[in-house]
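Written out below as structure tokens is the structure these notes cover.
The values are calculated or read from the model by the stated rules, or taken from the named source; none is laboratory data. From a predicted model like this one, the values you see are computed outputs, not experimental measurements. Using ideal geometry, Cβ is built from the backbone for each residue, glycine included, and neighbour counts are taken over all protein chains shown.
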Amino acid sequence: MLFKKEEKGLFVIANLIAISSFVYLVTVEGKNTNEIDTSLFTSGFMHYVSVFSALVISFFIMLTFRFINTQNQEKTLKLMGDIKKQQEEMTIKNNELNKYIGEIEVKQLEDNQRQWIAEGQSKVDYLLRTEEDKDAVFDKLLSFLIKYMEVNQGAVFLVQQEEKENQYLEMVGCYAYNRKKFVNKKINIGEGLIGQCYLEQEKIFLTEIPDNYINITSGLGESNPTNLIVVPFLYNDEVVAILELASFKAVLDYQITFLENMGQSVAAFVMNHRINVRTQKLLEESQMHAEMLRAQEEEMRQNMEELTATQEEAERRTLAFQQEIKNKELEIEELRLKINC
């Protein structure tokens, strides 16, 4: 195509303007002579001149509009390029901002998790430090853990008997749905999840549990949770207690970290309590032995006093007997003298 659609429109408008200009000039000239010379319109030469003039004027007007249109297109393209560049820069900045916001959110989440762990650890330490009834401490610990971690069931098992061949795991606390379960349960070493956890000294985390799995191998019962975690509490690389928690929702990694950190405090508490009990027992035995020694000493003292008194009495009797013998000897001597006389 020679001309674009817009340029054709401009060309028509330019011709109309040129013809209008020519008619205007002729009309004005006719007014000056008080009549219009119509021969100009009939003259072939003037007809061609007018057409050529209209074409020239139209061409220049078209060039002018095309130049203006080209300039506008260049400005538009430049503006569109600038807009696209700005959009790309804005996209990069938005991506950077989103990345920064994401990093802040991750950091905030990690900070919240660390704060949650620290707060829970502080509460557990306070409970272990201030609870006077050592027999009830595990019930209170479980009650706190179930509420704090929003789980459903829990149990604590202690390793009993110091001799390896006689060791077993005894449940010392059990909570289910915020109601204490008064049970007395013993598990042999290597039996079920609890016994296996003792042997491996590693946590056990299950997310797919058969319907009857808990009743068979777990220390808990009467429910079918979807998540089960068993955590050993170690002291100097020795398992002293095992925690078992069951829940209908997932236990997250930072919660498991909290349980492992808390386990060190609980294990230290158990060992310190056992040391204190053993020390108290030894102290009582020592006091009993001291009492026995004192009683024996008192008995020996009394025996010594009695023996001393007996010895003194014997010595007194001996002296008296010796004096009596001397007296008898004197009497005999006197009688001998009298007989000789």
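Here is a yes/no grid of residues against (1) within 20 Å of Asn272 (Cα to Cα); (2) in the same structural domain as Gln196 (by TED's automatic domain parsing); (3) of a type in the set (Ser, Thr, Tyr); (4) over 28 Å from the mean Cα position of the chain (by Cα):
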residue	(1), (2), (3), (4)
Lys134	yes, yes, no, no
Leu142	yes, yes, no, no
Tyr148	no, yes, yes, no
Leu158	yes, yes, no, no
Glu170	yes, yes, no, yes
Gly173	yes, yes, no, no
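Pick out the one residue from Ala267, Ala250 that is closer than 25 Å to Gln201 by Cα, outside any helix (DSSP H, G or I), out of contact with any helix residue (DSSP H, G or I) (no Cβ under 9 Å at 6 or more places or on another chain) and in the same structural domain as Leu128 (by TED's automatic domain parsing).
Result: Ala250 is the single residue among Ala267, Ala250 that is closer than 25 Å to Gln201 by Cα, outside any helix (DSSP H, G or I), out of contact with any helix residue (DSSP H, G or I) (no Cβ under 9 Å at 6 or more places or on another chain) and in the same structural domain as Leu128 (by TED's automatic domain parsing).
Which residues, taken from the stretch 126-139, are modelled with pLDDT of 90 or more and loosely packed, with under 15 Cβ neighbours inside 10 Å?
Tyr126
Taking into account only those residues within the stretch 140-172 that are of a type in the set (S, T, N, Q) and not in a helix (DSSP H, G or I), which is modelled with the lowest pLDDT?
Among those that are of a type in the set (S, T, N, Q) and not in a helix (DSSP H, G or I), it is Gln161.
Take Gln322 and decide whether it is of a type outside the set (Asp, Glu) and at pLDDT 85 or above.
no
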